[in-house]
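J.: Sending over a structure as structure tokens; questions will come in a sec.
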Amino acid sequence: MDLLKPSDFRPAFWLPGPHFQTIWASKFRKIPMPNLEKEQLELEDGDFLQLFWALEGNGPMVIILHGLEGDQTSNTVKAMFGVIRAQGWNGVMLLNRNCGGVSNRLQRTYHAGETTDLNRLVQLVKQRFPGKAIMAFGYSLGGNSLLKWLGEQGSEAGITAAAAVSVPFELSSCTDRMNRGFSRVYQKHFVDLLKASARRKFSSLPPLFDVGNIEEIRTLREFDNRITAPLHGFKNAEDYYSKSSCKAFLKTIRVPTLIMNSLDDPFLEVSSFPSSSEVSPQVELEYHRKGGHAAFITGSPWNKSGWTETRVPEFFKTH
């Protein structure tokens with residue numbers, strides 16, 4: 001990979017390989033729950049957004065976008081709120097519609113290419129905190145949404161800097177990768193979460209199309225083909241992936257943006273990672289040999305940390 005650069009990141013020796021990194025960071029890493037203020041924001045379309053605020057600092061505002069079926073309790077979210085507090089900044093996490101165990105009101109939920117809610121939140125932050133610098137951080141699915149929004153907005157984005165970690169640049173190849181080898185374990189985990197979320201959603205608001213037997217769904221592509229795509233106006237899963245993947249939007253980003261991925265990410269197809277010629281000059285690409293998915297754990301078992309919590313604020317401070 002031509003963009004592999006020397007780095008201060010040293011993967012933890014006691015977490016060998018991508019799966020130990022990924023699973024430990026997500027399931028076993030202990031991060032205290034931050035003190036957050038929840039707000040339910042009513043929307044013009046009759047639905048609502050749930051926002052989680054940390055407003056103890058005097059510095060800039062950091063918008064956080066979570067991953068697939070994530071919420072405010074996800075480790076990467078809690079870790080970033082910890083960074084925000086340590087830096088004396090402020091933060092807000094956007095909870096995607098129908099996530100966090102809360103069903104939304106409309107015949108829709110969220111998907112990887114959904115950017116209108118993020119745009120609404122950016123405008124809200126500008127209104128409530130005029131003159132304050134705004135930065136945005138997204139990982140995994142949230143990273144795709146963030147980069148797509150940045151490309152759509154171009155010079156109108158109106159934020160200071162952005163960072164995206166463990167980004168699925170091409171959703172189609174990502175779902176194919178999740179259907180191979182040990183990655184099928186992760187796929188089953190996500191499919192089970194998505195099916196439970198869909199059952200909850202449809203129990204109170206039956207869909208306007210035939211979803212068939214949800215219990216028979218076994219892959220992410222199946223779920224997207226039968227539920228995500230028709231629910232959000234796409235022809236099928238491939239149409240959804242094609243229109244929602246961030247890769248096509250990277251050249252029109254006009255905000256200083258850090259993208260940090262790992263070459264051993266068990267969720268992603270490395271051949272889909274863009275080269276420097278495929279992104280805007282404002283985009284800084286960092287590809288590490290190791291790090292797993294949304295993990296990047298470094299240090300010893302007695303003094304460990306996530307490299308994301310070092311690298312992202314470092315990048316934000318320079319901009």
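J.: Report, by residue number, each residue of the stretch 19-36 that is of a type outside the set (Ser, Thr, Tyr), buried (at least 18 other Cβ atoms within 10 Å of the Cβ) and either in contact with a Leu (Cβ under 6 Å, 6 or more places away or on another chain) or within 30 Å of Arg180 (Cα to Cα) (or both).
T.: His19, Gln21, Ile23, Trp24, Ala25
J.: Quick one: what pairs do we get from the stretch 12-23, first residue of a type in the set (Asp, Glu) and at pLDDT below 95, second surrounded by fewer than 18 Cβ atoms within 10 Å (Cβ to Cβ) and part of a helix (DSSP H, G or I), C-beta under 7 Å, 6+ apart or different chains?
T.: none
J.: Check off (1) in contact with a helix residue (DSSP H, G or I) (Cβ under 9 Å, 6 or more places away or on another chain); (2) surrounded by 20 or more Cβ atoms within 10 Å (Cβ to Cβ); (3) within 25 Å of Thr160 (Cβ to Cβ); (4) touching a residue at least 60 places away in the same chain (Cβ under 8 Å) for Leu268 and give me the number that stays unchecked.
T.: Unmet for Leu268, out of (1) in contact with a helix residue (DSSP H, G or I) (Cβ under 9 Å, 6 or more places away or on another chain); (2) surrounded by 20 or more Cβ atoms within 10 Å (Cβ to Cβ); (3) within 25 Å of Thr160 (Cβ to Cβ); (4) touching a residue at least 60 places away in the same chain (Cβ under 8 Å): (3).
J.: Within the stretch 124-217, considering only helices (runs of 4 or more DSSP H) that don't extend past its boundaries, which have at least 2 residues that are surrounded by 23 or more Cβ atoms within 10 Å (Cβ to Cβ), on the phi < 0 side of the Ramachandran plot and in contact with a Cys (Cβ under 7 Å, 6 or more places away or on another chain)?
T.: 141-153
J.: With the structure loaded, tell me whether Gln50 is surrounded by 15 or more Cβ atoms within 10 Å (Cβ to Cβ), part of a strand (DSSP E or B) and at pLDDT 95 or above or whether it fails that test.
T.: Considered against the rule, which asks whether it is surrounded by 15 or more Cβ atoms within 10 Å (Cβ to Cβ), part of a strand (DSSP E or B) and at pLDDT 95 or above, Gln50 comes out as yes.
J.: If Leu258 passes every condition in (1) of a type in the set (A, V, I, L, M); (2) in contact with a helix residue (DSSP H, G or I) (Cβ under 7 Å, 6 or more places away or on another chain); (3) over 26 Å from Glu156 (Cα atoms) but one, which one does it miss?
T.: The single condition Leu258 does not satisfy is (3).
J.: Then there's this: Just need a number here: residues in the stretch 123-156 that are more than 18 Å from Phe315 (Cα to Cα) and over 15 Å from the mean Cα position of the chain (by Cα).
T.: Here the count works out to 15.
J.: Are any residues in the stretch 53-71 touching a Gly at 6+ places or on another chain (Cβ under 7 Å), surrounded by 19 or more Cβ atoms within 10 Å (Cβ to Cβ) and assigned to a loop (DSSP other than H, G, I, E, B), and if so, which ones?
T.: Matches in the stretch 53-71: His66, Gly67.
The values are calculated or read from the model by the stated rules, or taken from the named source; none is laboratory data. Please read all numbers here as calculations on a predicted model, not as lab measurements. Cβ atoms come from the backbone with ideal geometry, glycine included; neighbour counts cover every protein chain shown.
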